[in-house]
Every structure is written in structure tokens, then in C-alpha cells.
Amino acid sequence: MGFHRFYDTWFEQLHHLVHQLTKAPRPPATQEDHHHLQALVRKVMTHYDDYYRVKSLAAKHDVLSVFSAPWCTSLERSLLWIAGWRPTTAFHLVYTEASILFESHIVDILRGLGTGDLGDLSPAQFSRVSELQCETVQEENAITDELSQWQACITISAVSDDAGDIVGTSRVNLDAKIEGLVMVVAKADELRLKTLRRVVDLLTPQQAVEFLAAAAQLQFGIRGWGSHHDRQRENP
């Protein structure tokens, strides 16, 4: 319940931060505007740092609760990858936002007028995004394999133990195995945060603001749809 309350507060604060992102001057007309965008990006990234720091403590205390994520809607839980969002989602979001903005400004772009937004990514930026996506896919797969090995280990242990032993000596072994899940979740969260930082670092401040706003709006949308679905299920 402690992390549940933290998450509700953190999520509400994210709404306020996104409001600031959407109100920020774009494109930045002055150096002061440029610094303002940079400050907003740092503020949002600190907010995510806080989330993963507290989540790490919660996982060490009760990793099974963190893994099942009772604070999420049913829809959100159906989309989770190891107790959180799939890191490669960040790249799909970049490509989607870049495509939408490119199409909306295509006349200006054909005239050689830069927009400075996500629809105006340079060839070098696209190349870096592609490289990072490939690296992240490999890291995702490795962590997924670790989870599969952990699940197989737990299953084999449960099958090999007598029913009476499960609540006795084997409970100690189970607790030790649960620590393995803590490590898997920690690696997944580390990859999520690292991916977010890498994407933000390769973008300009304006592009980073747009990316972070789009990522949060996606999160808000999925949670909204999930809440609506859950209410309909509970009140047919």
C-alpha cells in the first residue's frame, strides 16, 4: 500500500509536469527559452529517477506485489513487461511522433524550412535511434531469458518438493529464489531508465520536451482507457 500511495501521488505530479511541458515555448525564440526547456527536461527526468528509486526499495520489500502491480488497471497490467513498460516502446514512440509531425510540416520541410521538432530529426539522429533500438532489443531479450530461467527454476522446485516441505525447509529456499526475481526486476527498471536517458540525450531540448510529453500522454491515455474498462466490468 505504501508504494501504491506513492504511485498515485507521483502520477498526479506527472500530470502537472506535462502541463508545464505543453506550455513551454516551442521553438525556443531566445536563449532564455532554450534554458527553460533544458530545465524542464531535467525536472521530468528527476521525476522518473525518483520513481525508480522508490520502486527499487518497494521491490526489495515485496517484489511479488511490485510484479503484479495492483495499482495499475487491468489494461495496464496486460501491457506490462517485467513490472513496467517495454523499453523498446520509446523508439516506436519516437518514430510515430516523428512521422506525424513530418507529415504535418511537409510543405515547410520541402521548402527547406526546419521546424526543430521531432519531425525534423537529422539523419545522424535517426541513425543513433536505430542503433539504440537494436542494442535495447538485445538487452530486453537477455532479461526476458533471465525471467524465463527464474520461472523454470521455481516450477521445478515446486514440483520436486513435497507439499509438507513447501511450508517448512523449502520456504527458506523459496525466499532465496525470490531474491532472483528482485534482481530481474531491477535489471528491467535499469534498462527502462537507461533507455529513457539515451533517447533524451540524443534529442534537442525542444525534441526532448515533445518526446517526454508524448510518452506521458501515452501513459495517461492507456490508464484512462483501462479505468473506463474496469468501471464497465464492475458495473455492467
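The values are calculated or read from the model by the stated rules, or taken from the named source; none is laboratory data. No experiment lies behind these values; they were computed from the predicted model shown. Cβ: placed from backbone, ideal geometry, glycine included. Neighbour counts: every protein chain shown. Accessible surface is based on the protein model in full, side chains and every heavy atom, while ligands, DNA and RNA are left aside. Shrake-Rupley method; radii C 1.70, N 1.55, O 1.52, S 1.80 Å.
Need one value: the accessible area of C153 in square angstrom, 1.4 angstrom probe, rounded to the nearest 10.
60
Rounded to two decimals, what is Rg over Rh for region 1-133 when you use alpha-carbon atoms and the Kirkwood radius?
For region 1-133, the value is 1.04.
What does the extension gain come out to for R53 and H34, with contour length at 0.36 nm per residue minus their alpha carbon separation?
That works out to 4.0 nm of additional length.
Towards the positive end of the charge dipole of the chain, with charges on Cβ (+1 Lys, Arg; -1 Asp, Glu), say which of V199, L147, A214 has the farthest Cα.
A214
When the accessible area of the chain is split by element with a 1.4 Å probe, what percent falls to carbon and sulfur?
57
Volume per residue, Å³, of the convex hull around the alpha-carbon atoms of region 188-236?
58
Give the Debye-formula value of log10 I(q)/I(0) at each listed q (0.17, 0.27, 0.29 Å⁻¹), with one equal scatterer per alpha carbon of region 1-46, two decimals each.
-0.55, -0.94, -1.01
Let me see the P(r) profile for the chain: every Cα-Cα distance counted, bins of 5 Å, each bin given as a percent of all pairs.
1, 6, 11, 14, 16, 15, 12, 9, 6, 4, 2, 1, 1, 0, 0, 0
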